[in-house]
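Enquirer: Dropping a structure here in structure tokens format, bear with me for questions.
The values are calculated or read from the model by the stated rules, or taken from the named source; none is laboratory data. Here the structure is a predicted model, which means the values were calculated and not measured. Here the Cβ positions follow ideal geometry from the backbone for every residue, glycine too, while neighbour counts run over all protein chains shown.
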Amino acid sequence: MSKRGSKYHPLHEYLRDRGQEEVTLTFAQIEKLLGTALPEGALIEVGWWGNRKRSSPQSAAWQSANYKVKQVSFEQKRVTFENAARKRARYIVRREGDTVLWDADLIKALRAHLDMSQAKFAEHLGVRQQTISEWETGAYEPTRATCKHLSLVAEHAEFAYEAKA
């Protein structure tokens, strides 16, 4: 969460008030918002603009405004932010009774939504990394019990999907 008084809070407020699908700002525009120069790393290192889970003060500013960095151009000295809330995809799923049948694409999408590696996702679910790999390649499908567990994980993570009509 971007804190009031943080150097990057004005960027948070600017993005939060936009609500657009994408916002592109030049480095100069960001510096004007902040009232100070960007650090040298912001001008030369793509990692500075990373959408890290453990937020740096700058990434907390855009992520708490529901944006992620989509693209950075050091040549054009600009950054494009993407509204994560508006870009959230909805997936159509198959159901058998009240159970969502999780397939390879849906599992990959959930893992990406959670921003986890296969190993971290496996640890989160209490399965082996190889199991995640096999699900994502379609070699195997999760059991009905595991499908219910995946649905609970998805619900907790606010991963949007809907049943086929």
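Enquirer: Read through the list (1) of a type in the set (S, T, N, Q); (2) over 19 Å from N83 (Cα atoms); (3) in a strand (DSSP E or B), then give the number of the only condition that T24 fails.
Expert: Failed condition: (2).
Enquirer: Just checking, does region 68-88 include any residue being assigned by TED's automatic domain parsing to the domain that holds V23, farther than 23 Å from E21 by Cα and assigned to a loop (DSSP other than H, G, I, E, B)?
Expert: yes
Enquirer: Considering only residues that are of a type in the set (K, R) and in contact (Cβ under 8 Å) with a residue 24 or more places away in the chain, look in region 108-165 and name the one that is farthest from E96 (Cα to Cα).
Expert: Filtering region 108-165 for residues that are of a type in the set (K, R) and in contact (Cβ under 8 Å) with a residue 24 or more places away in the chain, the one farthest from E96 (Cα to Cα) comes out as R111.
Enquirer: Can you name every residue in region 89-123 that is assigned to a helix (DSSP H, G or I), out of contact with any strand residue (DSSP E or B) (no Cβ under 9 Å at 6 or more places or on another chain) and surrounded by 14 or more Cβ atoms within 10 Å (Cβ to Cβ)?
Expert: Answer for region 89-123, where residues must be assigned to a helix (DSSP H, G or I), out of contact with any strand residue (DSSP E or B) (no Cβ under 9 Å at 6 or more places or on another chain) and surrounded by 14 or more Cβ atoms within 10 Å (Cβ to Cβ): A104, I107, K108, R111, H113, L114, Q118, K120, F121, A122, E123.
Enquirer: Within region 7-57, restricting attention to residues that are basic (K, R) and at pLDDT below 95, which residue is surrounded by the fewest Cβ atoms within 10 Å (Cβ to Cβ)? Break it down into steps so the answer makes sense when it comes.
Expert: Our first condition is that a residue be basic (K, R); within region 7-57, this holds for 7, 16, 18, 32, 52-54.
Pick out the ones that are also at pLDDT below 95 and you get 7, 16, 18, 52-54.
Values: K7: 16, R16: 15, R18: 14, R52: 13, K53: 11, R54: 6.
Among them, the one singled out is R54.
Enquirer: Go through the residues of region 125-134 one by one and say whether even a single one is closer than 28 Å to S151 by Cβ, surrounded by 13 or more Cβ atoms within 10 Å (Cβ to Cβ) and hydroxyl-bearing (S, T, Y).
Expert: yes
Enquirer: Something else now. Check R78 against each of (1) touching a residue at least 12 places away in the same chain (Cβ under 8 Å); (2) in contact with a Pro (Cβ under 9 Å, 6 or more places away or on another chain) and name the one condition it does not meet.
Expert: Of everything listed in (1) touching a residue at least 12 places away in the same chain (Cβ under 8 Å); (2) in contact with a Pro (Cβ under 9 Å, 6 or more places away or on another chain), R78 misses just condition (2).
Enquirer: Checking the structure you have, find out if any residue of region 141-157 is in a helix (DSSP H, G or I), under 22 Å from the mean Cα position of the chain (by Cα) and either over 19 Å from R94 (Cβ atoms) or not assigned by TED's automatic domain parsing to the domain that holds E96 (or both).
Expert: Yes, region 141-157 contains at least one residue that is in a helix (DSSP H, G or I), under 22 Å from the mean Cα position of the chain (by Cα) and either over 19 Å from R94 (Cβ atoms) or not assigned by TED's automatic domain parsing to the domain that holds E96 (or both).
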